[in-house]
Structures are given as C-alpha cells and as structure tokens.
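Okay, so here's the structure we're looking at.
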Amino acid sequence: MLFSVPQYIDVEDKIAGPLTARQFLWLLAFGAVLIVLWNLFDNKATFYVVAFFLFLLFGAFAFYKPHGVSLVTFVGYALTFLIQPKIYVWRRPVGWQKKKITKKRDKYDAQFYKKSASMTIEDIAVLADVLDSEGHHRTDRAIEILESHATKNKK
C-alpha cells in the first residue's frame with residue numbers, strides 16, 4: 001500500500017491528560033470566573049450557589065455534545081433558528097420569462113404509438129397475468145403476443 005489513509009479525523013487531539021483544547025479552555029475560563037466571583041461576593045454561601053450553577057453551565061459547554069455537536073454549536077443553531085424568519089416566500093427570479101415548450105414528434109414516435117395501440121385488451125390481460133405471476137403462468141398466447149409485437153417494432 002503506497003499511501004496510508006488517515007482515520008479518526010473527527011476526534012480532537014488531547015492536550016492536557018484526557019482533555020481536549022476546547023475542554024481545557026472552558027475549564028480555564030470557569031476557573032477565571034470563579035476567582036472573580038470569590039473577590040466579588042462577601043457572602044460565601046452566595047458564592048457557592050452561583051459557583052455550582054456556573055459549574056453546571058461551564059461543564060455542559062466543555063463536555064456535553066447533543067446530537068454529536070458541541071453545546072456551543074448547538075446553542076448557536078438554536079439562536080439562528082429563533083432569529084431567522086420561519087416563512088419562506090418564493091419570488092420569481094428577475095428576468096424570468098415564460099417559455100413556450102413545443103414537443104416535436106418525429107416519424108418514429110408516431111409509428112411507435114400506432115403499433116402499440118394495436119394491442120387488444122385481451123392481449124394486455126394475458127401479459128398482465130404473466131407479469132403478476134412473475135412468469136409462472138406463461139402461456140403460448142403470451143409468447144405469440146410478444147413475438148408479434150417484437151417483429152412489428154423491428155419493421
């Protein structure tokens with residue numbers, strides 16, 4: 001084999017133990033926010049309550065992947081869905097003109113339609129019976145019909 005094909009290209013590289021760069025940065029941002037909140041709140045009970053909810057939020061952004069995409073991307077999709085219009089109105093393109101389509105029938109088409117119209121309802125019923133039975137009820141009459149139409153179409 002001349003070239004090796006890379007595999008697992010959708011897996012992010014681990015940089016800090018089992019953490020990817022994105023996860024590590026989310027946890028680093030969580031630590032920075034905790035330091036700011038520690039100095040901001042005088043009451044430590046309030047700090048712990050706020051820190052618990054921020055831990056859930058930053059942990060979800062770092063580790064949770066709904067439907068295989070990161071939570072940041074998922075939230076972006078949700079915001080895009082909420083902002084964009086929900087109704088698409090078709091507008092005719094500028095310069096669109098109605099063109100008249102004419103179909104020319106050549107001599108071969110006319111002959112083909114005439115020949116196929118010569119088949120009777122009984123012939124169609126016989127052929128339908130052969131098709132419905134997947135060829136098990138093939139009769140001599142069905143073979144005659146097919147041979148006669150094959151020779152007519154060759155002419």
_Least to most buried among 137, 67, 149 (fewest other Cβ within 10 Å first)_ = 67, 137, 149
*Rounded to a whole number, what is D in µm²/s for the stretch 14-83 from Stokes-Einstein with the Kirkwood radius over alpha-carbon pairs (4 °C, 1.567 mPa s)?*
96
*Could you give the length gained on full extension between residue 9 and residue 118, defined as 0.36 nm per residue of separation minus the Cα-Cα distance, in nm?*
32.9 nm
*Could I have the simple spin-label model distance between residue 132 and residue 47, label points 7 Å from Cα toward Cβ, reported in nm to one decimal?*
8.5
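Rule-based calculations on the coordinates, nothing more; no lab input. The structure displayed is predicted, hence computed values, not measured ones. No Cβ is skipped: glycine too gets one built from the backbone with ideal geometry, and neighbour counts run over all protein chains shown.
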